[in-house]
């Protein structure tokens, strides 16, 4: 019988797969960023589960740092999306092939 | 009985979170995807609570479902995309085949390799599955003092990382303002 945190590790695996599919298959940059949030959350779940398995608190501290980095990533990424939409009038990744600004 | 209820709730929340994230990445409208993502975050907060990470659960709701998602929704509203900009036609057959192949490989890897790696890694650190290890810092893991323990670890063992993260946030704030601000008139004329 699996314990709770071990099941949590499997769920983090599944969530990571879903987020990865979102990053790979969506062409809309907004959706790619939202999928990255799912990836980070899957990592958080793995950290918290590992913290429970090993009986130490370090995983929860690292999870808090991941959260802070996710906030930074969202701020910078969304600023980039606004700048891109202003110059290209599109947020589809296919329209940004040139990448010459 | 208590344990069983926790178990059932955990599995149900995990399945719901996984399915809802699948729903999320196939939405056409960004705002509805953001709403589904808030549900996923809240379910994950419940899972953290069942794993006795109470501070993590609270921070998940306040920071993720509160702050970060507000920024996302704010930018979606600010962009005010016209419907013809959202050219998403749903999951194609090629993607379906790729996804099922990926899930197959992932299940094989996860059950065959992942379990072995997990047990091996834990044993190499001196942990036995399903029990609290003898040398775990018992000071840091009293179930009813989670916030205190997180704070004690964060501000003693991880103080440097904490300060560096605060500088990272400062840099991100300045960077996002510089990137997103409107170009001045002379720049626009030059370009």
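The values are calculated or read from the model by the stated rules, or taken from the named source; none is laboratory data. In this text the structure is predicted, and so the values were computed from the model without any measurement. Cβ sites come from the backbone with ideal geometry, for glycine too, and all protein chains shown count toward neighbours.
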Segment B:87-139, residues that are in a loop (DSSP other than H, G, I, E, B), more than 10 Å from chain A (Cβ to nearest Cβ) and at pLDDT 70 or above: B:89, B:90
Criterion (within 8 Å of chain B (Cβ to nearest Cβ) and in contact with a strand residue (DSSP E or B) (Cβ under 9 Å, 6 or more places away or on another chain)) met by exactly one of A:81, A:57, A:91, A:53: A:91
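This table checks each residue for (1) modelled with pLDDT of 85 or more; (2) surrounded by fewer than 21 Cβ atoms within 10 Å (Cβ to Cβ); (3) closer than 20 Å to residue B:61 by Cα.
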{"site": "A:36", "(1), (2), (3)": "yes, yes, yes"}
{"site": "A:49", "(1), (2), (3)": "yes, no, yes"}
{"site": "A:53", "(1), (2), (3)": "no, no, no"}
{"site": "A:56", "(1), (2), (3)": "no, no, no"}
{"site": "A:66", "(1), (2), (3)": "yes, yes, yes"}
{"site": "A:83", "(1), (2), (3)": "yes, yes, no"}
{"site": "A:89", "(1), (2), (3)": "no, yes, no"}
{"site": "A:95", "(1), (2), (3)": "no, yes, no"}
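Matching residues to (1) within 7 Å of chain B (Cβ to nearest Cβ); (2) closer than 28 Å to residue B:152 by Cβ:
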| site | (1), (2) |
| --- | --- |
| A:4 | yes, yes |
| A:10 | yes, no |
| A:15 | yes, no |
| A:38 | yes, no |
| A:42 | no, yes |
Restricting segment B:25-41 to residues that are surrounded by 18 or more Cβ atoms within 10 Å (Cβ to Cβ) and within 16 Å of residue A:45 (Cβ to Cβ), the residue that is nearest to the chain's Cα centre (by Cα): B:41
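Can you give me the ranges of the helices (runs of 4 or more DSSP H) entirely in segment B:16-81 with at least 1 residues that are at the interface with chain A (Cβ under 7 Å from one of its Cβ atoms) and within 16 Å of residue A:34 (Cβ to Cβ)? Give the steps one after another, and end with the answer.
Values: elements: B:30-50, B:54-59, B:69-79.
Here the list reads B:30-50, B:69-79.
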